[in-house]
Amino acid sequence: MAELTIREYDLIGILEDESDVLERFEEFSGTQYICDIFHEISDGAVPIYTNDIWKNVSDIKEYIENAIKEGLADTSSKLNLDNIFQSGYYLYYSEALNNNLENLVYNKIVSEINEFIAKHDIELTEEKAEEIDNEINIKCTEVDNNDYIEYCEEIASEIIEEYLK
């Protein structure tokens, strides 16, 4: 019996929790914009305790500098290094999510389909799995971060309707 497999993420590879942060995307559903989800995930992944913030500062130096250049870091007269460093973390996670938009969408759709397959005890042939995979690949390119996350769910439903019912 064949199974649809999720894609590997294209990791930046600096921070250890990057994969975990990317996987949080699958927790979302409904009428949220993907870009808002990315913001929420990035913001939630930023360390808040001083020791955690400073732990990887030298590793994400480029992201901290870019956050300052882009105006994400408050460099006003009341300088707070923790806040500046946190903006670098935010930028790092945002970039990781945006770089993986297509993989995240693909994995979200595959998870929905695999859940349906398991729930209904459907045996999937290699040929059918390949057809579905090709369809998902085509649909993934149509999604951008200004779409609602429910669009991924709609794509999964359409594929289920067309290929599995």
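Any read-out appearing in this document is the output of simple, stated calculations on the displayed coordinates, not a laboratory observation. Fair warning: this is a prediction, and the values are worked out from it, not measured in the lab. We place every Cβ from the backbone using ideal geometry, glycine too, and count neighbours over all the protein chains shown.
Of the residues 109, 120, 94, the one whose Cα sits farthest towards the positive end of the charge dipole of the range 66-165 is 94 (charges of +1 on Lys and Arg Cβ, -1 on Asp and Glu Cβ, taken about the Cα centre).
Non-local lysine pairs in the chain, meaning eight or more places apart or on different chains, with alpha-carbon distances under 17 Å, amount to 6.
Taking the chain as the reference, fit the longest principal axis to its C-alpha atoms, fit the long axis of helix 34-45 to the helix C-alpha atoms, and give the angle between the two in degrees, 0 to 90, nearest 10. Orientation of helix 34-45: about 50 degrees from the principal axis. Using the Cβ-Cβ distance between residue 83 and residue 123 with R0 set to 41 Å, the FRET efficiency works out to roughly 0.15.
Given springs between every Cα pair under 10 Å in a Gaussian network model of the chain, which of 90, 49, 33 has the largest fluctuation? Between 90, 49, 33, it is 49 that shows the largest mean-square fluctuation.
Backbone N atoms of the range 74-102 closer than 18 Å to the 7 Å Cα→Cβ label point of residue 50 belong to residues 78-87. Less than 5 angstrom separates the built amide H of residue 124 from those of 2, all sequence-distant by 5 or more or on a different chain.
Take the Cα radius of gyration of the range 101-163 and divide it by 2.2 N^0.38 Å, N being the number of residues; the result is 1.07.
Each Lys and Arg adds +1 at its Cβ and each Asp and Glu adds -1 at its Cβ; summed about the Cα centre, the range 29-99 shows a dipole of about 160 debye. FRET efficiency for the pair residue 65 and residue 36, taken as 1/(1 + (r/R0)^6) with r the Cβ-Cβ distance and R0 = 35 Å, rounds to 0.85. Summed over all non-identical Cα pairs, the Kirkwood treatment of the chain gives a radius of 17.4 Å.
Helix 81-99 and the long axis of the chain differ in direction by around 20°, with both axes built from C-alpha atoms.
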